[in-house]
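J.: For reference, the structure I am asking about is given below.
The values are calculated or read from the model by the stated rules, or taken from the named source; none is laboratory data. Since the model is a prediction, treat every value here as computed from it, not as a measurement. Here the Cβ is made from the backbone with ideal geometry for all residues, glycine too, and neighbour counts use every protein chain on show. All accessible areas refer to the heavy atoms of the entire protein, side chains included, with ligands and DNA or RNA removed. Shrake-Rupley method; radii C 1.70, N 1.55, O 1.52, S 1.80 Å.
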Amino acid sequence: MGVIFVEKILALLIIIIFSISTMGTMVMADEKVKLIINGTEVDFSDDQEPVIQNGRTLVPFRTAFEKIGAEVKWHDDIRLCKAEYGGISVGIAIGNTKVSLSDGSEIESDVPAQIINGRTMVPLRILSESIGAEVNWDKTTRTITVNTLNKIYSINKYEASIDGSDGYACIYSTIYYPKFFIDKDYVPSLNTQLENSAKKAADSFVDSYLKDALEIYNNPPTHLYEVPYSLYGNCEVEITDKNIAIIKTEYFEAKYSEDLNIYTDTIKINLENGEVVE
């Protein structure tokens, strides 16, 4: 009787242990954090899953920030992770809670960057928001969404000029244009097109007045200090909720600082496929 009772107790214990183990596995599965970047879920099946510490989510540095579209760098000598995106850079060292920004300032994270299972893990929210991304947490589904669609570009500029005989610029042209950073295959080609368009506008303006401007500066009736011909293109970009980039350039064309012409050029680009929208 005693032996049978002991066997029953052992069997019950085995069932309980198995049940606890199974429940633990189910809880672990349910507690996984889902990360969605710009509408696409990040696959961590061959990587370290995101983990939560002190209410903050740590993610694999390279995997997450390359998905955002950032350029990532690892400085082994000082164990520093660095991400550059849209003209902004952020960095955090392993074991440190201080996040350094490109303007020289620092902000404090609740958790440090660290190595977990051989992977470099960094606090997602503070680094993502530092480069202009929007980060949201859905407690019910344990889902983090990172959106950079309204912060996916920076404004660059291209300058073209020609100097007169006295060293002063007789033609000066500055065109601003956007550079996109989204993680799409067509983006390098799109950026090249936008840069070439800006260069063409600036260079064409210089060429169109080159002969007249040099004639004035090389044979001036009186010394000229002002720029007789100038072009300024001010670029603005609006990203709509349908992922359409509306690029509007307003040109200010001046001749002898008296005859001022203002005109605009607007193009729309579908950020899902890089095509121009009519």
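J.: Roughly what would the spin-label model give for residue 71 and residue 256, points 7 Å off Cα along C-beta, in nm?
T.: Inter-label distance under the simple model: 4.6 nm.
J.: Do me a favour and compute the ellipsoid semi-axes for the stretch 95-154 from its Cα gyration tensor, root of five times each eigenvalue, largest one first, whole Å.
T.: Numbers: eigenvalues 81, 72, 22 Å².
Gyration-tensor ellipsoid for the stretch 95-154: 20, 19, 10 Å.
J.: Report D for the stretch 53-156 in µm² per second (integer): Stokes-Einstein, Kirkwood Rh on Cα pairs, 4 °C, 1.567 mPa s.
T.: Working: Rh = 13.9 Å.
D, rounded to a whole number, is 93 µm²/s.
J.: Collect residues whose amide H, placed 1.01 Å from N in the peptide plane, falls under 5 Å from the amide H of residue 57; neighbours closer than 5 in sequence don't count.
T.: When sequence neighbours closer than 5 places are left aside, the close amide H contacts are 124, 125.
J.: Right, something else. Solvent-accessible area of residue 77, probe 1.4 Å, all protein chains present, reported in Å² to the nearest ten, please.
T.: 130
J.: How much FRET efficiency would the formula 1/(1 + (r/R0)^6) give for residue 272 and residue 210, where r is the Cβ-Cβ distance and R0 is 35 Å, rounded to 0.05? Display every interim value, and only then the final one.
T.: On the way: r = 41 Å, r/R0 = 1.18.
For residue 272 and residue 210, the calculated efficiency is 0.25.
J.: Of the listed pairs 157/184; 242/268; 34/67; 157/248; 67/248; 139/184, which have alpha-carbon separations greater than 18 Å here?
T.: Distance filter (> 18 Å) returns 157/184; 67/248; 139/184.
J.: Take 145, 140 and sort them by solvent-accessible surface of the protein heavy atoms, 1.4 Å probe, largest at the top.
T.: Final ranking, largest accessible area leading: 140, 145.
J.: Run the numbers for residue 135 and residue 154: contour at 0.36 nm per residue of separation, minus the present Cα-Cα distance, in nm.
T.: Gain on stretching residue 135 to residue 154: 4.9 nm.
J.: Could you sort the peptides 197-203, 270-276 by per-residue average Cβ neighbour count (10 Å cutoff), highest mean leading?
T.: Final packing ranking: 197-203, 270-276.
J.: With θ set to phi - 60°, apply the Karplus curve 6.51 cos²θ - 1.76 cosθ + 1.60 along the stretch 55-70 and write out the HN-Hα couplings as whole Hz, x wherever there is a Gly or Pro.
T.: x, 10, 9, 9, 10, x, 4, 5, 4, 5, 7, 5, 5, 5, x, 7
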